[in-house]
Structures are given as structure tokens and as C-alpha cells.
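Reading through the C-alpha cells given below for one structure.
The values are calculated or read from the model by the stated rules, or taken from the named source; none is laboratory data. A quick note: this is a predicted structure, and the numbers were derived from the prediction, not measured. Cβ coordinates were reconstructed from backbone atoms using ideal geometry, including for glycine residues, and neighbour counts include every protein chain displayed.
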């Protein structure tokens with residue numbers, strides 16, 4: 001059960017002009033469900049993406065980067081769950097390219113206009129025949145209103161499908177942004193999500209879309225962390241089909257961009273938070289906000305030290321105001337010249353530490369009251385500047401261990 | 001139950017000339033056991049220490065650093081379990097100083113010749129009265145053969161007391177090195193242990209002892225990691241009483257130093273590994289060895305990325321050769337310009353990855369065979385240099401979560 005996240009109803013995921021989606025069971029694992037997604041775009045769509053920083057970046061990530069490097073024109077995404085096609089060397093690259101070629105042949109486009117994605121077990125050969133065999137079925141199923149089925153097909157240890165939509169008006173026309181994501185374990189900044197795809201019908205230039213995608217990733221998926229592991233496959237892609245009846249937006253100072261940016265950002269933030277809320281075994285959702293740093297980097301390092309500490313995460317799981325563990329994590333994440341005597345922090349509205357020691361006003365019962373909540377904000381003041389950073393994370397439970405100890409069985 | 005670690009019998013912890021130890025119940029927590037240790041040294045003993053890098057270093061750490069900064073002469077260590085005296089501000093410093101003064105008054109030495117240590121819950125005021133009240137009892141109990149009782153008194157979530165002794169011959173005289181440690185959770189390099197104290201009767205100059213202590217910490221406690229959290233209190237101290245009947249050793253090129261260095265190093269390595277073997281909830285002990293790097297730093301970063309990955313640690317717990325998770329961790333820890341195609345790794349004698357992809361010779365059953373062991377070596381070759389680094393760690397089990405979720409209750 002995710003923490004305070006209700007998956008969207010299928011009709012809440014609004015169709016985006018120029019996008020059709022179809023799913024099929026490729027039976028990559030022993031799942032009784034669709035595990036293959038084909039997203040097809042009308043001619044004229046462009047895409048931009050940000051990808052994992054892991055040095056063992058998966059084969060599909062390498063192929064995506066290469067396919068997106070040219071014009072950015074895309075006609076399809078092809079996504080499988082159950083096998084990550086990572087740690088698979090040159091054979092893995094070939095497998096991803098064979099998949100793209102098969103999609104291209106069905107859609108009548110160039111293989112370089114197809115972006116491949118995989119998620120699942122690492123270091124096992126991609127069963128490319130199963131994917132190619134299931135492709136016609138997925139293609140026959142494509143329709144504009146199948147976002148919910150798409151969100152379901154890309155799940156691995158996710159407990160619910162994740163999707164979000166926004167609609168705004170630009171130049172009198174309705175503009176839509178709809179996205180889906182899958183995540184759960186192995187979620188960490190740079191990149192944060194396992195896989196997320198957002199589409200809009202806004203006509204955007206490739207250059208502007210690339211800028212926008214990086215900018216939105218930084219305030220959404222790069223703020224989300226479940227267990228500190230950066231996956232080999234993490235990918236976030238925005239596709240702009242250009243089918244909305246307005247003149248193209250090509251400059252970042254075009255005033256019409258503001259509502260589009262807001263809509264896309266809101267979708268990405270909703271998806272990134274949904275991934276954390278559905279973190280493996282999560283029972284609580286924490287917002288870690290670090291303020292008063294000299295720069296964003298030190299705020300972010302401190303926030304991540306808190307978010308990644310297994311001792312902090314198990315204390316949240318236990319609803320135990322063992323707040324010394326947060327003090328300890330702050331001490332590990334802060335800059336070497338941080339003066340502990342300038343640090344204060346709060347749990348929601350309760351001040352716990354003031355200037356490096358327990359606040360005189362703090363009581364165990366006040367701490368206990370906040371810790372019992374399933375959604376908690378930890379706010380830290382470093383007292384040495386004006387920079388700030390926020391990350392979202394979840395607690396560390398028995399179920400995290402169970403899910404990850406049993407994942408392959 | 002620790003992984004393949006049998007605690008020493010009391011008579012295996014050899015007395016060190018010039019050292020006497022006594023324990024008492026200060027009742028800092030609701031424990032039916034001694035929780036206070038007084039170690040007293042004859043006049044002439046010197047000490048050196050390495051301490052946590054945490055910016056919220058505990059009050060006793062600050063006091064130790066200050067007391068050790070002068071001549072290095074020490075007459076006592078005073079150690080309490082159950083309260084860390086960390087995150088306690090200037091009141092915490094005062095509490096540690098009051099404790100030192102009480103010991104000094106009993107032993108008839110200067111307060112600056114007493115080193116204070118605390119371990120336990122963070123950010124609660126140290127019950128200094130309880131400690132001072134129990135001191136006379138600990139003092140009446142002191143005797144040279146009480147190392148085992150000392151190792152027991154400093155435990156927190158440790159399941160067994162940890163100690164080790166070595167005896168070597170130098171200039172025809174028997175030289176002894178005996179040490180104790182406590183650890184369990186929150187174990188991470190810089191510093192690695194919660195608390196470890198080693199004593200030898202070798203006559204060593206303070207300058208040489210300081211050099212030796214740093215050197216030994218680097219190959220012992222700084223190679224040990226349980227959960228990646230660096231405690232506020234981590235301390236490793238070596239005391240040299242100088243009571244052995246040999247001429248003082250003052251230079252690092254003195255050939256008589258070699259057997260002493262070996263004895264002290266073996267004691268420290270045994271204690272550091274014991275801490276990992278008794279890591280909170282540990283069921284397996286893993287040695288992570290990374291070779292073929294350009295420098296030690298990148299080998300160490302890669303080894304720690306593997307050792308700290310919750311996904312890797314839960315896979316070991318499950319005895320599941322889900323080896324893609326190790327690939328992923330290597331990809332997170334390695335240098336940004338690491339070529340994945342040059343990476344190979346082995347589980348004990350089984351090659352898993354060769355040049356960035358699964359080795360042709362690898363079989364699931366071979367991986368499964370190794371993963372069932374309770375002691376496993378992961379060896380990684382980065383293929384770009386001659387540097388190497390080793391860390392020791394343990395797996396991540398249900399019990400880790402239980403122990404840390406319930407610690408304060």
C-alpha cells in the first residue's frame with residue numbers, strides 16, 4: 001500500500017493528441033499480465049530525456065542516448081518490464097536495436113525514431129524474441145485512452161500504477177500533459193525514477209524541450225530517493241507531439257511557456273512523489289528540507305545523508321522519535337567546516353534541536369505525536385547562508401527486506 | 001549470533017603490565033549489568049587516538065581530543081554505555097569534564113590525564129550523577145585480569161563481548177597487546193568502530209604512537225562498515241604503558257617496532273572484523289576487494305558503493321545470486337570515466353562478470369553455491385591500474401530493521 005497515494009482512475013489520465021498506447025503480454029517473467037508497452041506518436045513529435053549516471057548504464061539507455069542525439073524526432077517508445085537488459089554488453093545493445101527495428105518495421109519509420117526502455121532483473125539476456133513476437137498484439141491494441149493500461153504494463157515491484165494529467169489553456173486552446181512512471185526500489189537522484197514518460201501536445205522546439213526536460217527533472221525525480229541506489233536504467237523522457245492548435249513555442253522567454261512548464265512540472269512532481277510513496281515497503285513519506293546553507297550542494301548532501309541513513313529510516317518506521325539519529329546524519333552530511341552549534345531542526349512544527357543541542361521546548365511526547373504521522377517534514381537550518389534543497393524519501397521497513405530478499409524468486 | 005565469531009574466554013585476554021580495569025552498574029539504562037568501565041594506568045602511560053569525522057562529534061570526543069593534544073600522558077579511561085553524550089552542546093562538555101574530574105580525584109591525577117567515552121542514545125543529557133556515584137565501586141573492582149568484564153560493560157546492541165590479545169617477544173622480553181571493542185550498528189569508515197581500546201606494555205614515544213595509531217586505524221577500523229552511518233562517538237585509542245623491560249622505541253625504523261606493529265595490527269583487525277561479524281542482524285560476513293584502479297580512492301569508493309547498497313545487502317541476506325545488483329553498485333561507485341567493458345568480478349572462485357558482461361562460464365548454480373556460504377569474498381577488477389582497497393561488511397536482514405526499530409524501547 002503506498003503512503004497516501006491513490007492511483008488515478010483510467011479516465012483521469014487524459015489522452016494527448018498524437019499519442020496512442022498499446023500493451024501486450026510478452027511473458028518475460030511468469031506474470032499473468034501485460035509487460036510490454038508500445039507508445040506510438042504521429043509524425044512530427046520530438047522527445048528529450050535525462051538518463052542514469054550509472055557507469056553500467058543499460059543497453060537501452062545507450063541506444064536512447066544515441067537515437068535522441070540527432071533531430072530528436074520520435075515515432076515510438078517500446079518498453080518491457082521483467083528484464084533490464086543491463087550488464088549485457090554488446091549483445092544487449094544488439095537486442096535493443098533489434099527491438100527498435102521490429103517496431104520501426106510495424107510503424108513504417110526509421111529505427112532511430114524508436115526509443116527502447118527496459119526494467120527488471122539485471123545481467124540476464126533480454127528475451128528479444130518474446131518481445132518481437134508480442135509486438136503485433138501491442139500494436140493492434142493501440143488507442144489514445146490507454147494510459148492507465150500503459151502505467152500498469154511497466155510495473156515491477158510497484159504496488160499500484162502511477163499516472164498524472166494536467167490540462168491548461170494556452171492561446172485559447174486546451175493543452176494536455178499526461179505522464180506515467182514506475183519505480184519502487186533503486187530510486188535515487190541522478191536519475192531518480194526507474195522509468196517515467198510524459199507527453200504533451202504542445203508544439204515545442206527540440207532545443208527548448210531538452211532544456212525543459214533537464215530543468216523539470218531537477219525539481220522532480222532528482223529530489224526523490226528510496227534507497228540511495230541509482231539504477232542502470234533510470235530514464236525520464238518528455239515527448240511533445242505538437243498537435244495542439246497553437247503556434248510553436250521555441251524560446252524560453254515566450255510567456256506562453258509558463259503554463260506549459262507548470263503543467264509538465266506538476267505531472268513530474270506527482271509522479272516522482274508517487275514513486276517514493278510506493279517505495280518498497282514504505283509506510284511513511286518524508287520531506288527533508290535543508291535551509292540556510294552556503295550553497296545548494298551542501299544542503300542537498302545533508303538532506304540526502306538524512307534520507308539515506310538506515311538508522312533514520314528505521315526510526316521513522318518505528319515511529320520512534322530517536323532524533324539523535326537525525327543529528328548524527330546531519331553531522332555526516334554537512335560540510336567539514338559546519339559549526340554544529342549553528343544547526344537547528346524541526347519535525348513538522350516541533351523544534352527538536354536549537355543551536356546544536358536539544359531545544360528547551362522539546363518534549364518526547366511532542367516528538368512522538370509527529371512521528372506517528374504517515375507524512376512528516378524534517379526541516380533543518382544550517383545557519384550559514386541562504387541556499388536550500390528538498391528531497392523526498394520513505395522509511396525502511398521489514399517489508400523492504402522481504403521484497404528485496406525475495407524479488408527474483 | 002555473530003557470523004563466525006566466538007568471543008574470547010576471559011583468560012584469553014592477557015593482562016597488560018600497568019593496566020587495571022574495573023566495572024560497575026551505573027544504571028544509565030534499565031540494564032541488569034555493569035555499564036561503566038574505569039581503566040587505570042600506572043604513571044608513565046601515553047595514549048593516541050583517532051576519532052569520528054562527524055560534524056556533531058560527541059562531547060567526550062571533543063574532550064578526548066583536547067586532553068590528548070598536550071603530552072599524551074594518560075592515567076585513565078572512563079567509559080559509559082547507554083548514553084552517547086552527543087548533541088548535548090556545552091552542557092555535554094561540562095558533563096564529560098565533571099566525569100574526568102571525579103576520576104582524577106579518585107586516582108590522584110590531573111583531569112586532563114583522563115579520557116572520557118560514551119556510547120548509546122544520542123541527544124539525551126548524560127546522567128552524570130549516576131556515573132560519579134558508581135565510580136568508587138568501579139575503582140574498588142579494578143584488577144589487571146578484568147578485560148573480559150571491561151569488554152562486556154561497554155556493549156550496547158552487541159550480542160557478544162569483543163576482545164583480542166597477542167604476545168610477541170622483543171629483545172627477549174614478552175610484549176603484550178590486548179584490546180576490546182564495541183560496535184554493531186552505525187559502523188562506517190572514518191571512524192569505523194564505535195569504541196575500541198587497545199593497550200600494550202611496549203615503551204613507545206608519543207610521536208611514534210600517534211603515527212602508529214593512524215596507520216593501524218586505516219587497515220582495520222577504517223575498512224569496516226555495517227550500515228554506512230558514521231557515529232558521533234567513534235573512537236579508537238591505543239595506550240602504551242611502557243612497563244615492558246626493554247629500552248624505549250621512538251623511531252619508526254627501529255627493527256624492534258615490526259613485531260609490535262604486527263601484534264597491535266592483528267588485535268585491531270580482529271576487533272574491527274568482530275564488529276562487522278556482530279553487525280546488527282548480520283547473517284553473513286563479506287569481504288569486498290576492488291583491484292585494478294587508478295588510485296586507492298576509486299577502489300575504496302567502489303568497494304563502499306557495493307558494501308552500502310541495501311539492494312546488494314538484502315540479496316546476500318537472501319543467498320540470492322542477484323548479481324546484477326553488484327553490477328549496478330559498481331556502476332554507482334566507479335569513476336565517471338570508468339569503462340564498464342573493462343570491469344570483471346568474482347564471487348569467491350566463481351567469475352560472474354568478464355569485461356562488462358556475464359562471463360560465459362558463469363552458471364546460476366555456481367553463483368547459488370557461493371551465496372549459500374556465510375562468509376563470501378566479492379573481488380572486482382576495474383582493469384585500469386594497479387591500486388586496490390578492501391572493506392568488510394555484513395548483510396541486511398529483517399533483524400537489522402527489528403533491532404533499529406526497537407532500540408530505544
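The figures follow:
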quantity: Criterion (in the same structural domain as residue A:195 (by TED's automatic domain parsing) and assigned to a helix (DSSP H, G or I)) met by exactly one of A:79, A:98; calculated: A:98
quantity: The listed residue being within 14 Å of chain B (Cβ to nearest Cβ) and at pLDDT 95 or above, out of A:62, A:43, A:39; calculated: A:62
quantity: Residue list for the stretch A:293-305, restricted to those being away from chain B (no Cβ under 14 Å) and in contact with a helix residue (DSSP H, G or I) (Cβ under 8 Å, 6 or more places away or on another chain); calculated: A:303
quantity: Filtered residue count, the stretch A:105-131, keeping only those that are farther than 25 Å from residue B:321 by Cα and within 27 Å of the chain's Cα centre (by Cα); calculated: 7
quantity: Residue B:135 within 14 Å of another protein chain (Cβ to nearest Cβ) and at pLDDT 95 or above; calculated: no
quantity: Flag for residue A:112 being more than 11 Å from chain B (Cβ to nearest Cβ) and touching a residue at least 60 places away in the same chain (Cβ under 8 Å); calculated: no
quantity: Residues located in the stretch A:115-132, provided they are without any contact (Cβ under 8 Å) to a residue 60 or more places away in the chain and within 14 Å of another protein chain (Cβ to nearest Cβ); calculated: A:123, A:124, A:125
quantity: Residue identified as facing chain B (nearest Cβ under 8 Å), over 24 Å from residue B:230 (Cβ atoms) and either touching a residue at least 24 places away in the same chain (Cβ under 8 Å) or buried (at least 24 other Cβ atoms within 10 Å of the Cβ) (or both) among A:397, A:402; calculated: A:402
quantity: Top-ranked residue of the stretch A:328-385 - restricted to ones that are at the interface with chain B (Cβ under 9 Å from one of its Cβ atoms) and part of a helix (DSSP H, G or I), ranked as farthest from residue B:93 (Cα to Cα); calculated: A:333
quantity: Any hit, the stretch B:31-39, residues being more than 18 Å from residue B:106 (Cα to Cα) and without any contact (Cβ under 8 Å) to a residue 60 or more places away in the chain; calculated: yes
quantity: Residue selected from the stretch B:114-132 under the condition part of a strand (DSSP E or B) and out of contact with any helix residue (DSSP H, G or I) (no Cβ under 8 Å at 6 or more places or on another chain), by the criterion modelled with the lowest pLDDT; calculated: B:120
quantity: Test: residue in the stretch B:306-327 that is in contact (Cβ under 8 Å) with a residue 40 or more places away in the chain, more than 9 Å from chain A (Cβ to nearest Cβ), under 21 Å from the mean Cα position of the chain (by Cα) and under 24 Å from residue B:4 (Cβ atoms); calculated: yes
quantity: Which numbered condition residue A:71 misses (of (1) outside any loop (DSSP other than H, G, I, E, B); (2) over 20 Å from the mean Cα position of the chain (by Cα); (3) in contact (Cβ under 8 Å) with a residue 24 or more places away in the chain; (4) away from chain B (no Cβ under 12 Å)); calculated: (1)
quantity: Verdict on residue A:98 being touching a residue at least 12 places away in the same chain (Cβ under 8 Å) and surrounded by 18 or more Cβ atoms within 10 Å (Cβ to Cβ); calculated: no
quantity: Every residue from the stretch B:328-339 that is more than 27 Å from the chain's Cα centre (by Cα) and buried (at least 23 other Cβ atoms within 10 Å of the Cβ); calculated: B:328, B:331
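Okay, residues lined up against (1) buried (at least 17 other Cβ atoms within 10 Å of the Cβ); (2) farther than 24 Å from residue A:232 by Cα:
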residue: A:1; (1), (2): no, yes
residue: A:22; (1), (2): yes, yes
residue: A:47; (1), (2): yes, no
residue: A:64; (1), (2): yes, no
residue: A:79; (1), (2): yes, no
residue: A:83; (1), (2): yes, no
residue: A:110; (1), (2): no, yes
